[in-house]
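Just so you know, all these numbers are worked out from the coordinates, no wet-lab data involved. Owing to the predicted nature of the structure, the values given are computational and were not obtained by experimental measurement. Methodologically, a virtual Cβ is constructed for each residue, glycine included, from the backbone with ideal geometry; neighbour enumeration extends over all protein chains shown.
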Amino acid sequence: MEKVFSLNNEKSNKKSSKNTKSFLFLLIVLPLILISLTNNVKSTSYSKTIFIDNYIIDYSYQDAVSENYFTLRVNITNNQNSMKNLTLKMQEDDPFEFKDSRRWEIENLNSSQSISKNFVIYIDKAESKKYFIDFNLKDDEYDWDEKFEIKVSTNSPEFSLGTISSSPSKMAPGQTNVALSITIKNTGDYNAEDVVAILDLPSGFTPSGSYSNEVHTGDINSGTTKTLVFYFDIDKEIKQQNYTSTLNLNYKNDGEDEKKELEIPLIIFSTPRFEITKVEELSKLYPGSKSKIKIYLKNTGKDAKDVTLRVYQRNDQPFEFTEKSVYVGSLKSNEIGYGIFEFTIDKNADPMKYYLDFQVRSIDGQDVIVDDVTSSINILKKEINVGMYLFYGIILLIVLIVLVVFLKKRKIKERRN
């Protein structure tokens, strides 16, 4: 019997030891698990104090999330003599909706006494930013207007616009490959993953190349900024006014596809604009000749200063310009100026039409405005000089006549002899 008792006692001790170890394991590991789970839950609490005369108003709330309920706890402390008929009334401003009454009536509040009340409030769909709930506090003697500051968050990334700039700095009709830089910031509490930004352009704007209005930015974490650069061309006939484009941000939030849209202003300014109205040939354009042309340039935009006209010299064209740039001067709106170009045409040039590309540079305030214009010239066939051939023909005929006469006279003389 003693042996049996001893064996059972030993088993009991082992079981007790095992239970103790299990308890210690749970005691150590369970808090770590709870801490880990807590760290994965985004929870924020806010509290502030407002001093109104002899009243102290403490208010606090937790997790004011868009499209969710939250509880606003308000505590009023009276630091003066006992007061009667104290009332606090809040305004129901967007995006807040009160579940119950917004009015809090307190019949008596003794000196140094505190009293609290909870208000359950629903937040309509809202951006992640600070909002305010206006309220009025009134007692038997006075009333005061104040506001509660509520920081609303969302369960997704939120984006705000930063700086917007372009190169050239002033967008104008006819410009090509305009670079538009847009800085955005993720102001939300969540990260945006695999962000793809697409700029939808209004009529009169076209992407400069394939996917030049699309940028893959990667992740934009909470609180960070990214600068996006898009390239587009502006139609020559576009009106000079304000336009709006849409920046579509497509991304993943915890593996789910989401999308945000931001409006981007595009301002088309009035600038000097130019067109070639006439090309005057100051001499005939023949292969092998040294020629001059007069280019008439009209300013169809606003007044311009220091206008210069530069011709693009192309290697595949059979002529060489003496000077590639000429100074035209200042041109007012609708005024016409001109520039004269001298060039040598290759003797083997094919008689045909050739297109000439010009760059017009002008000054508009502090900006240099660049415009491209095109015109053409015709190189003619080299004319046959009929007069010269006629002259040589007559000379040859005279020589032949003289020769014939000479030979006849010689024969006659020989016969006589």
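Can you tell me the relative contact order of the chain? Whole percent, Cα pairs under 8 Å, sequence separation 6 or more.
The value is 8 percent.
Once you list every other residue whose beta carbon is under 10 Å from the beta carbon of residue 134, what net charge do they have if Lys and Arg are +1 and Asp and Glu are -1?
-2
Can you give me the angle between helix 2-40 and the longest principal axis of the chain, using Cα atoms only, in degrees from 0 to 90, rounded to the nearest 10?
That works out to roughly 40 degrees.
For segment 75-154, what value does the Rg/Rh ratio take when both radii are computed over Cα atoms and Rh is the Kirkwood radius, given to two decimals?
Reported Rg/Rh (Cα atoms, Kirkwood Rh): 1.03.
For every helix of n ≥ 4 consecutive DSSP H residues, a contribution of -39,500 (n - 2.57) applies; sum these over the chain, divide by its total residues, and give [θ] at 222 nm rounded to the nearest 500 deg cm²/dmol.
-6000 deg cm²/dmol
Rounded to the nearest 10 degrees, what's the angle between the helix 386-416 long axis and the longest principal axis of the chain, both from Cα atoms, 0 to 90?
Taking the Cα atoms of the chain, the angle to 386-416 is about 20 degrees.
Taking the convex hull of the alpha carbon atoms in the chain, what volume per residue do you get, in Å³?
Expressed per residue, the convex hull around the Cα atoms of the chain is 325 Å³.
For a distance above 20 Å, tell me the whole-number percent of Cα pairs in segment 159-267 that qualify.
On the way: 2247 of 5886 pairs.
Counting every Cα pair in segment 159-267, those more than 20 Å apart make up 38 percent.
Which FRET efficiency, nearest 0.05, do residue 129 and residue 350 yield, Cβ-Cβ r, R0 51 Å? The partial results should precede the final answer.
Working: r = 69 Å, r/R0 = 1.36.
With a Förster radius of 51 Å, E is 0.15.
Taking N as the number of residues in segment 274-378, what is its Cα Rg relative to 2.2 N^0.38 Å?
That ratio works out to 1.11.
Which three numbers, in whole Å and largest first, are the semi-axes of the equivalent ellipsoid of segment 85-206 derived from its Cα gyration tensor as √(5λ)?
49, 17, 12
Normalising by the residue count of segment 45-152, find the relative contact order in percent from Cα pairs under 8 Å and 6+ residues apart.
Dividing the mean separation by the residue count of segment 45-152 yields 28 percent.
Can you tell me the FRET efficiency between residue 140 and residue 63 if r is taken as the Cβ-Cβ distance and R0 is 41 Å, rounded to the nearest 0.05? Could the numbers behind the result be given before it?
On the way: r = 37 Å, r/R0 = 0.90.
Efficiency computed from Cβ-Cβ geometry: 0.65.
If Lys and Arg each add +1 and Asp and Glu each add -1, what is the summed charge of the other residues whose beta carbon sits under 13 Å from the beta carbon of residue 261?
-3
Grab the other residues whose beta carbon is less than 12 angstrom from that of residue 200, score K and R as +1, D and E as -1, and report the net. All intermediate terms of the calculation are to be shown ahead of the outcome.
On the way: positive: none; negative: 214, 261, 263.
For residues surrounding residue 200, the net value is -3.
Specify the inter-centroid distance of segment 228-283 and segment 400-416, based on alpha-carbon positions, in whole Å.
91 Å
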